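The values are calculated or read from the model by the stated rules, or taken from the named source; none is laboratory data. None of these values were measured; they are calculated from a predicted model. Backbone-built Cβ (ideal geometry, glycine too); neighbour counts: all protein chains shown.
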Amino acid sequence: MTDDSTFASLPTADGSARLPACAGADGGRQQRHGAALRFFWGPMDCGKSTMALQMNYNHARQGRRGLVLTRIDRSLGPRITTRIGLAHDAIEVTDDLDLCDLVRGRMAEGVRIDYLICDEVCFYTVRHVEQMAELVDHYGVDVFAFGLATDFRSCLFPAAQRLFELADEVTRIQVEVLCWCGRPGLLNARVVNGAVVREGQQVLIGDTAEGAEVRYQVLCRQHYRAGDLGRR
Ligand SMILES: [Zn+2]
């Protein structure tokens, strides 16, 4: 599932900010204690939240203790919801929330924290991603991050960019989300009143359901660039 060529094709936004360790982001680097920062990305509707909840289930079943976090879930509540019907309570990540403080606080209460599940991580801040790296490196906490890589303009979200730079493993989720033409879906087009828009705020809530005033449609690169939504 790991697509290293995808990582290799991403631009380096700021060479000076890139740590030497990033050269090892080949899926094989492990921390001394075994914890790792893993980023799973893909277009809308590719099953990221479903995979996040499955990951939580698998680890919890092995007796590991974790926290589930999200930001701006489609339910607009402190929950992870999925289009196929799964749901789970989650801690809502705000700009002010320090993930290290959060984990330290739980540990001070005697709660063991083995891992974090971070859904919708594209909406987190870059600082949150730095905190994830800190949790892996200094607390031995596994961090599983799930989110979009690019916004409706096909530009990287800042947090996603930082994850590409810092993560131990980067995995592209491809649960065959198809463009209307049948090619694999790659980019998330924002559709307002039936037309693809390319300007506006980076984060604007909408769903992939038909009929909404603001919605998103996953397209292949060719049809994203052409702004072609296909025959309705
Ligand atoms: Zn297409």
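General observations
- Hey, VAL141 farther than 21 Å from THR50 by Cβ, in contact (Cβ under 8 Å) with a residue 24 or more places away in the chain and over 16 Å from the mean Cα position of the chain (by Cα) or not: yes
- Residue count for the range 176-191 satisfying the condition of being among the aliphatic types (A, V, I, L, M) and more than 22 Å from LEU156 (Cβ to Cβ): 1.
- PHE157 vs. criteria in contact with a Lys or Arg (Cβ under 6 Å, 6 or more places away or on another chain) and under 29 Å from LEU219 (Cβ atoms): no
- Residue count for the range 58-74 under the criterion of being within 23 Å of ASP101 (Cβ to Cβ) and of a type in the set (S, T, N, Q): the result is 1.
- Some residue of the range 106-122 being more than 28 Å from VAL177 (Cα to Cα), in contact (Cβ under 8 Å) with a residue 60 or more places away in the chain and among the small types (Gly, Ala, Ser): no
- Lone qualifier among LEU135, LEU163 - being crowded, with 22+ Cβ neighbours inside 10 Å, among the hydrophobic types (A, V, I, L, M, F, W, C), under 11 Å from the mean Cα position of the chain (by Cα) and not in a loop (DSSP other than H, G, I, E, B): LEU163
- In the range 202-224, the residues that are more than 10 Å from PHE152 (Cα to Cα) and more than 10 Å from the ligand (Cβ to nearest atom): ILE205, GLY206, ASP207, THR208, ALA209, GLU210, GLY211, ALA212, GLU213, VAL214, ARG215
- Out of GLU176, GLU199, sole residue that is outside any strand (DSSP E or B), charged (D, E, K, R), surrounded by fewer than 18 Cβ atoms within 10 Å (Cβ to Cβ) and within 16 Å of the ligand (Cβ to nearest atom): GLU176
- Counted residues, the range 80-127 - those being more than 22 Å from LEU148 (Cβ to Cβ) and assigned to a loop (DSSP other than H, G, I, E, B): 8
- When the range 186-196 is limited to residues that are within 14 Å of the ligand (Cβ to nearest atom) and not polar (S, T, N, Q), the one that is modelled with the lowest pLDDT turns out to be LEU186.
- Subset of the range 46-79 that is touching a residue at least 40 places away in the same chain (Cβ under 8 Å) and either assigned to a strand (DSSP E or B) or not assigned by TED's automatic domain parsing to the domain that holds ILE113 (or both) - its residue that is nearest to ILE113 (Cα to Cα): GLY66
- Residue, farthest from MET132 (Cα to Cα), within the range 80-92, restricted to residues that are of a type outside the set (A, V, I, L, M, F, W, C) and touching a residue at least 12 places away in the same chain (Cβ under 8 Å): ARG83
- Residue count, the range 179-189 (criterion: at negative phi and surrounded by fewer than 20 Cβ atoms within 10 Å (Cβ to Cβ)): 4
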